[in-house]
Amino acid sequence: MDDFLPRALLGGFGVALTAGPLGTFIVWRRMAYFGDTLAHSGLLGVVLGTALGVDPELGVVATCLAVALALVLLQRQRRLATDTLLGILAHTTLSLGLVALAFLETVRVDLVSYLFGDILSINATDLCWIWGGNLLALGVLAWLWRPLLAATVHEDLAHVEGVPVFPVRLAFMLLIAIVIAVAMKVVGILLITSLLIIPAAAARRFARSPEGMAILASAFGCAAIGLGLWASLRWDTPAGPSVVVAATILFALGSAAPSHWQR
Amino acid sequence: MPAKTLLTVENIDFAIRGNPILQNITFRVASGEIVALIGPNGAGKSTLVRIVLGLLRPHGGRVWLQPGLRIGYMPQRLTVDDTLPLTVQRFVTLGTRVPRERVRAALAEVGAIRVLDSPIQAISGGELQRALLARALLREPDLLVLDEPIQGVDVNGQYELYELIGNLRRNRGCGILMVSHELHLVMAATDHVVCLNRHICCSGHPEHVARDPAYLELFGIEGARTLAIYHHHHNHRHDLHGAVVAERNRDG
């Protein structure tokens, strides 16, 4: 057997491990659309990174952060609702990415692999990026856990209790940006949010504590990676979308589980 | 024990897009004292509380806190998303790391030990307010700031909660700044009332405030009558046959 499969599995597990706990916060904070917006801006990051001759991953992290900061500034103006702002940012940055790509005549960028992922072509360098980025993000998340949880439940109360709410929120956005940058290879820009929120949503029914839900979400994510890859090889379906469908099937099975398994 | 000044608010001004929300607000809270901020909706009570807590910066005036002052805060309306599995015990310790015995003691002090292991989303409004109070108490506060502490609590629960707050002041000697939209609810438990409607209309002992013309003007004679022990409000009328008819909105 080729060794592309172990590499794909290893890469997928690396992403799912961090996407679980990070995704639970996205679900708790109702930020699914925010994650989606950052992901949409990823393509612009890839193009900018490539054009500037740095790693596309760095371009993605920088672009995601710029979009997150733009959102914070626009929200302060209170002219438009957040979902409207997110819609504007998401589609503008995606379109900007596609337009900018047209100017990159000398460099060939495989658009489909960035949009929908190319997990089966993960190489050793990708693996280093994925595990390095995810372990870093996981470490920072563990360090931020208590203040982030307190700020998620009630920002003002956390502030009065001494949590530096704004820096914590920025750090959380940085973590999302990092995970999007390194998860792009696995499921692609358009599907990354699903890897963040579907395993977390599936874990909710079985969790009694925030930490339990985070760990379960990681486990569900890894299971979805395994199942999706297996299905992709078995029926020759695209790998990234197969992983997402597998995650949704797990979610559906979880929702149908007998109620005495809950909480 | 002589009362120490915990908090002084001096000549606070605050405006949103040029509209004055607070003008020249001055008051103080001493240890062992309960101060109530009352006023109608939109009077700027919550804005003032946010300024006191340092969540908003005033456009004029200053807030002085006793150095090293520990504040316990009980926010208005807290809803925890259903997707977050959180027991009352975990919720209460989100603000401070404390051993389980102290959590039990704090929840027992506020009469909410029964819900220790319940999901925070599954408890009643009164129990939630008590859990919030327990979380504030775990910080060993010198000053408690309570924003509409009896919101979402049934009438019996309201009196119990005020009694509890009165006991806290006696047992712990902390100062309490409390926000309410109605005077008669806080009357018995309060030492000093600040009646707010963007500026301070009147302030002083609750009995004094209740008779103040500025208070009567703000809340109307109707509002002042609610100080009587019993009051009820008609939300419907009857037609000639005795059937209920909807009342026209008197406020227009």
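The values are calculated or read from the model by the stated rules, or taken from the named source; none is laboratory data. Computed from a predicted structure; not experimentally measured. Every residue, glycine among them, receives a Cβ derived from its backbone with ideal geometry; neighbour counts consider all protein chains shown. When the accessible area is computed, the model is the full protein with side chains, heavy atoms only, and any ligands, DNA or RNA have been set aside. Shrake-Rupley method; radii C 1.70, N 1.55, O 1.52, S 1.80 Å.
The rows are residues; the columns are (1) within 29 Å of B:GLN76 (Cβ to Cβ); (2) in a helix (DSSP H, G or I); (3) away from chain B (no Cβ under 14 Å).
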site	(1), (2), (3)
A:GLY139	no, yes, yes
A:ALA150	yes, yes, no
A:PHE166	yes, yes, no
A:LEU170	yes, yes, yes
A:VAL179	no, yes, yes
A:ALA201	no, yes, no
A:ALA214	no, yes, no
A:ALA219	no, yes, yes
A:LEU229	no, yes, yes
Have a look at A:THR50, A:THR82 and point out the one that is open to solvent by 10 Å² or more (accessible area, probe 1.4 Å), over 26 Å from A:ALA239 (Cα atoms) and of a type in the set (Ser, Thr, Tyr).
A:THR82
Give the residues of the stretch B:91-113 that are of a type outside the set (A, V, I, L, M) and in contact (Cβ under 8 Å) with a residue 12 or more places away in the chain, sorted by residue number.
B:PHE91, B:THR93, B:GLY95, B:THR96, B:ARG102, B:ARG104, B:GLU109, B:GLY111
Close pairs (6 angstrom Cβ cut-off, 6 or more residues apart or separate chains): farther than 21 Å from A:ILE26 by Cβ in the stretch A:159-172, open to solvent by less than 30 Å² (accessible area, probe 1.4 Å) and not β-branched (Val, Ile, Thr) anywhere
A:VAL160/B:LEU53; A:VAL160/B:TYR73; A:GLU161/B:GLY95
List the number of the failed condition for B:VAL63; all other conditions in (1) open to solvent by 40 Å² or more (accessible area, probe 1.4 Å); (2) not in a strand (DSSP E or B) hold.
(2)
Can you tell me which condition A:ALA183 does not meet? The list is (1) modelled with pLDDT of 90 or more; (2) within 22 Å of the chain's Cα centre (by Cα); (3) more than 13 Å from chain B (Cβ to nearest Cβ), and all the others hold.
(1)
B:ALA131: passes all of (1) within 25 Å of B:TYR159 (Cα to Cα); (2) surrounded by fewer than 23 Cβ atoms within 10 Å (Cβ to Cβ); (3) within 14 Å of chain A (Cβ to nearest Cβ) but (2)
Can you name every residue in the stretch B:127-145 that is farther than 13 Å from B:VAL92 by Cβ and touching a Lys or Arg at 6+ places or on another chain (Cβ under 9 Å)?
B:GLU140, B:PRO141, B:ASP142, B:LEU143, B:LEU144
Reported set for the stretch A:103-128 where residues are in contact with a Gly (Cβ under 9 Å, 6 or more places away or on another chain) and in a helix (DSSP H, G or I) is A:VAL112, A:SER113, A:TYR114, A:LEU115, A:PHE116, A:ILE119, A:ASP126, A:LEU127
Take the stretch B:73-102 and flag every residue that is open to solvent by less than 10 Å² (accessible area, probe 1.4 Å) and under 10 Å from B:ALA131 (Cα atoms).
B:MET74, B:VAL88, B:PHE91, B:VAL92
Residues satisfying the stated conditions in the stretch A:27-42, i.e. over 14 Å from the mean Cα position of the chain (by Cα) and open to solvent by less than 30 Å² (accessible area, probe 1.4 Å):
A:TRP28
Output the number of the condition that A:ARG205 fails; it satisfies all remaining conditions of (1) within 13 Å of chain B (Cβ to nearest Cβ); (2) in contact (Cβ under 8 Å) with a residue 60 or more places away in the chain; (3) open to solvent by 10 Å² or more (accessible area, probe 1.4 Å); (4) not aliphatic (A, V, I, L, M).
(2)
